1. Which three numbers, in whole Å and largest first, are the semi-axes of the equivalent ellipsoid of the stretch 29-121 derived from its Cα gyration tensor as √(5λ)?
2. Just how far, in whole angstrom, is the stretch 135-160 from the stretch 66-133 if you go by their alpha carbon centroids?
3. What number in nm² do you get for the stretch 81-133 if you take the convex hull of its Cα atoms and divide its surface by four?
4. Return the calculated 222 nm mean residue ellipticity for the chain, to the nearest 500 deg cm²/dmol, obtained by summing -39500 (n - 2.57) across DSSP H runs with n ≥ 4 and dividing by the residue count.
5. Compute the FRET efficiency between residue 154 and residue 131 as 1/(1 + (r/R0)^6), taking r as their Cβ-Cβ distance and R0 = 30 Å, and round to the nearest 0.05.
6. Over the alpha-carbon set of the stretch 49-183, divide Rg by the Kirkwood Rh and report the Rg/Rh ratio to two decimals.
Amino acid sequence: MLFFYKANNYICNKGYDDEVDYIEHIPPLSEQNAEHFLSEFIYVVLNAGMREQVARKIYNRFIDTKKLSEIGHPGKRDAISFALVNYVEWFETLQKSDDPVEYLETLPWIGPITKYHLARNIGIDTVKPDRHLVRLAKRFNFSSPLVMCQEIQKETHDKLGVIDVILWRYCNLTAKHGERYDI
């Protein structure tokens, strides 16, 4: 638990408390709209397999210009181009889905980990089992990132997504070669 509080203090002191606040105040999926879904889909696709700081720059350029040519990766560009045509239908299907997280994985460029990233960003309170959180869970002897975050949640009463983003951002900022995190 001490690690979580240290991580929270660290990222707030580095100016990332707005990121935590954003996740904390995302309305539930039932209150979302198709445009927000599209924006988050684009952001998550661009983030897949890429350092967040780089993906954020590409995302901002694309949002500012609306030019697909800003997206250098052909597969990501194709997925986003397809989304620009189909996002309203996808969003409607998502809202009717019995298992929205699983439905997300049917979308182009959304896989078994990125579905949780997108889910969290569109108001489904969940944990993204990315490499940082998987390593933290293992390091602290939890069976999964979800179990780790649920244990933290028992004390903090924060949304799972808030715990996720605090731990992830801390690891993102402090990861050293070989993925060792400062404690």
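No value in this document is a laboratory result; all are computed from the given coordinates. None of these values were measured; they are calculated from a predicted model. All Cβ positions, even for glycine, are placed from backbone atoms using ideal geometry, and neighbour counts span all protein chains on display.
1. Semi-axis lengths for the stretch 29-121 are 21, 14, 12 Å.
2. 24
3. 3.9
4. On the way: 10 runs with 120 residues, N = 183.
Value at 222 nm, helices only: -20500 deg cm²/dmol.
5. Efficiency at R0 = 30 Å is approximately 0.75.
6. Rounded to two decimals, Rg over Rh is 1.00.
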